[in-house]
Amino acid sequence: MTAATTAPVPAPSGEAVLSVRDLSVSFRGHDRTVHAVDNLSYDVAPGEVLAVVGESGCGKSVTSMAVMGLLPPTAHVTGSVRLAGQELVGLPEKRLARLRGQEMAMIFQEPMTSLNPVLTIGRQIGEVLRKHQGLGRREARDRAIELLTLVGIPAPAKRVDEYPHQLSGGMRQRVM
């Protein structure tokens, strides 16, 4: 279990932090359209945790990627995704990029597909801290060590200079 290190996104009184309404996602191919998600709706209240579970290929990742605005241009997304009252579907990429990592984040099931194998763990965590919190290199490195400590990674001052392949799967998951 880990503790939150930033304040949660405030939602207007009585409103869900995340509200998904009639979300549908399809992908256009050369000769057909694949419907991956069909009219999904759910709310996440402040302080609530939602686990998305299901069979392989049922649309869990596509749903999460649609919420985050991370689908490729071949995806067609309809419906509404509201984060703290702000509509995300159709939001320009630049605005979405500012929200990612600051207001919303996703922890991927297999961190090796998300972590860059040629950059140290500290550099990858530091990049997010520098971009979203305006920290300098040294402050970002120090904060990365603090964060690794918070999630229970042993020898965080050493691990911050290691590469993803040098960490166990559980440690990589906690880095995410």
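The values are calculated or read from the model by the stated rules, or taken from the named source; none is laboratory data. Just so it is clear, the structure is predicted and the values come from calculations on it, not from any experiment. Note that each Cβ is placed from the backbone with ideal geometry, even for glycine, and that neighbours are counted across all protein chains shown.
Out of the range 37-75, which residues are polar (S, T, N, Q) and under 21 Å from ARG100 (Cβ atoms)? If you could, list the steps in order and put the result at the bottom.
Taking the range 37-75 as the starting set, the residues that turn out to be polar (S, T, N, Q) are 39, 41, 56, 61, 63-64, 74.
Of everything in the range 37-75, those that are polar (S, T, N, Q) and under 21 Å from ARG100 (Cβ atoms) turn out to be SER61, THR63, SER64, THR74.
Could you tell me which residue of the range 12-31 is surrounded by the fewest Cβ atoms within 10 Å (Cβ to Cβ), considering only residues that are modelled with pLDDT of 90 or more and in a loop (DSSP other than H, G, I, E, B)?
Restricting to residues being modelled with pLDDT of 90 or more and in a loop (DSSP other than H, G, I, E, B), the top hit is ALA16.
Among the listed residues VAL62, VAL81, VAL67, identify the single one that is modelled with pLDDT of 90 or more and in contact with a helix residue (DSSP H, G or I) (Cβ under 6 Å, 6 or more places away or on another chain). Can you show your working first?
Values: VAL62 fails: in contact with a helix residue (DSSP H, G or I) (Cβ under 6 Å, 6 or more places away or on another chain); VAL67 fails: in contact with a helix residue (DSSP H, G or I) (Cβ under 6 Å, 6 or more places away or on another chain).
Every option except VAL81 fails the conditions.
Criterion first (in contact with a strand residue (DSSP E or B) (Cβ under 8 Å, 6 or more places away or on another chain) and surrounded by 14 or more Cβ atoms within 10 Å (Cβ to Cβ)) does VAL34 satisfy it?
no
Give the residues of the range 66-77 that are over 21 Å from ILE125 (Cα atoms) and either part of a helix (DSSP H, G or I) or touching a strand residue (DSSP E or B) at 6+ places or on another chain (Cβ under 6 Å) (or both), sorted by residue number.
Answer for the range 66-77, where residues must be over 21 Å from ILE125 (Cα atoms) and either part of a helix (DSSP H, G or I) or touching a strand residue (DSSP E or B) at 6+ places or on another chain (Cβ under 6 Å) (or both): ALA66, VAL67, THR74, ALA75, HIS76, VAL77.
Considering the range 131-150 alone, what residues qualify as being within 17 Å of the chain's Cα centre (by Cα) and surrounded by 17 or more Cβ atoms within 10 Å (Cβ to Cβ)?
The answer is LEU147, and nothing else.
To keep it simple, each residue is scored yes or no on (1) in contact with an Asp or Glu (Cβ under 8 Å, 6 or more places away or on another chain); (2) part of a helix (DSSP H, G or I); (3) free of Cβ contacts under 8 Å to residues at least 60 places away in the same chain; (4) surrounded by fewer than 14 Cβ atoms within 10 Å (Cβ to Cβ).
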position: PRO46; (1), (2), (3), (4): no, no, yes, no
position: GLU55; (1), (2), (3), (4): no, no, yes, yes
position: SER64; (1), (2), (3), (4): no, yes, yes, no
position: GLY79; (1), (2), (3), (4): yes, no, yes, no
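For the range 159-168, does any single residue satisfy the condition of being surrounded by 15 or more Cβ atoms within 10 Å (Cβ to Cβ), at pLDDT 90 or above and among the hydroxyl-bearing types (Ser, Thr, Tyr)?
yes
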